[in-house]
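These notes concern the structure reproduced below.
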Amino acid sequence: GQVRLKTLAMSLLGMLTSVLPLLFAVFLNEIRTKWFKSTVQTLTTLPNFISWVLIFSIAFSLFSDTGMVNTFLQKLGFTSEAIKFLDSADHTWLSMILWSTWKGLGWGAIMYLASIAGIDPGLYEAAKIDGAGRFRIMWNITIPALMPTFIVLLMLSIANFLNNGMDQYYVFQNSFNKTNIQVLDLYVYNIGMTGKSLSLATAISAMKSIVSITLLATGNLISKKTRGESII
């Protein structure tokens, strides 16, 4: 029960933050200086190609008891003891979604940037002639044009509701946060690969596949009823 709750919570947080790549792409498109835009896009896309093992190494260097952040805070006198950023069960879900967002934000925005490139420039010219400002143009032209792409990606994320990954949670788990970080994928690994109950792990994996197919079919039906278009 607790594993299902944590899986649902992390998946819901992931879906709630799925709008961030869309907003990031919209604001990135508004950057007029090409070299700065390219630099920001490159720097935000690179983390997607970094493995979670390396990301944990970065997190450990920054946020461990002897890491850069704790050393900095102690030297400035903000705290006398190291803050348990990693070795704590507090705010586990928040820290996981922040790391996930940092890793995937730039990569997730690429698809929206491609959609923005396909918007008819005449719409922007007409809006400017009518006196629309940049934010009104974004709200009335750019964002509505991106909604079909957003809905398709949202439906696909619903289909993967129970498959929110294992590698991130595997590298970040420890004895202090294990009760809060163990989502379904990690639970299957812990009970299956460690030899505790291979049959149970197999059954859970089969159940996940059935649920994912059902959610995908449901999402496709909803898309067809509401938008008149199916996603598969």
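The values are calculated or read from the model by the stated rules, or taken from the named source; none is laboratory data. The model shown is predicted, which means the values in this text are computed figures rather than measured ones. Positions of Cβ are generated from backbone atoms using ideal geometry, with glycine treated the same way; all protein chains shown enter the neighbour counts. Ligands, DNA and RNA are excluded from the accessible area calculation, which covers all protein heavy atoms including side chains. Shrake-Rupley method; radii C 1.70, N 1.55, O 1.52, S 1.80 Å.
A few notes on this one:
- Restricting attention to the range 166-197 and to residues that are touching a Ser or Thr at 6+ places or on another chain (Cβ under 8 Å) and not in a helix (DSSP H, G or I), the residue that is surrounded by the fewest Cβ atoms within 10 Å (Cβ to Cβ) turns out to be PHE176.
- One residue stands out among those in the range 80-102 that are touching a Lys or Arg at 6+ places or on another chain (Cβ under 9 Å) and part of a loop (DSSP other than H, G, I, E, B): the one that is surrounded by the fewest Cβ atoms within 10 Å (Cβ to Cβ), which is ASP90.
- Condition check for LYS196: among the charged types (D, E, K, R) and modelled with pLDDT under 80: yes
- Residue in the range 117-126 that is in contact with a Leu (Cβ under 9 Å, 6 or more places away or on another chain), within 22 Å of PRO21 (Cα to Cα), part of a helix (DSSP H, G or I) and open to solvent by less than 30 Å² (accessible area, probe 1.4 Å) present: no
- Residues that are of a type in the set (Ser, Thr, Tyr), surrounded by 12 or more Cβ atoms within 10 Å (Cβ to Cβ) and under 25 Å from MET96 (Cβ atoms) within the range 23-68 comprise THR44, THR45, SER57, SER61, SER64, listed in sequence order.
- Screening THR142 against (1) under 23 Å from the mean Cα position of the chain (by Cα); (2) not in a helix (DSSP H, G or I) leaves a single unmet condition, (2).
- Taking the criterion of being out of contact with any Ser or Thr (no Cβ under 8 Å at 6 or more places or on another chain), buried (at least 17 other Cβ atoms within 10 Å of the Cβ) and not hydrophobic (A, V, I, L, M, F, W, C), the only residue of the range 139-164 that qualifies is THR142.
- Helices (runs of 4 or more DSSP H) (entirely within the range 1-79) containing at least 3 residues that are touching a residue at least 60 places away in the same chain (Cβ under 8 Å) and within 20 Å of LEU105 (Cβ to Cβ): 2-16, 19-29, 34-45, 52-63
- Every pair of residues 6+ apart whose Cβ atoms lie under 9 Å, when the first sits in the range 85-98 and is farther than 11 Å from MET10 by Cβ while the second is part of a helix (DSSP H, G or I) and of a type in the set (D, E, K, R): ALA89/LYS178
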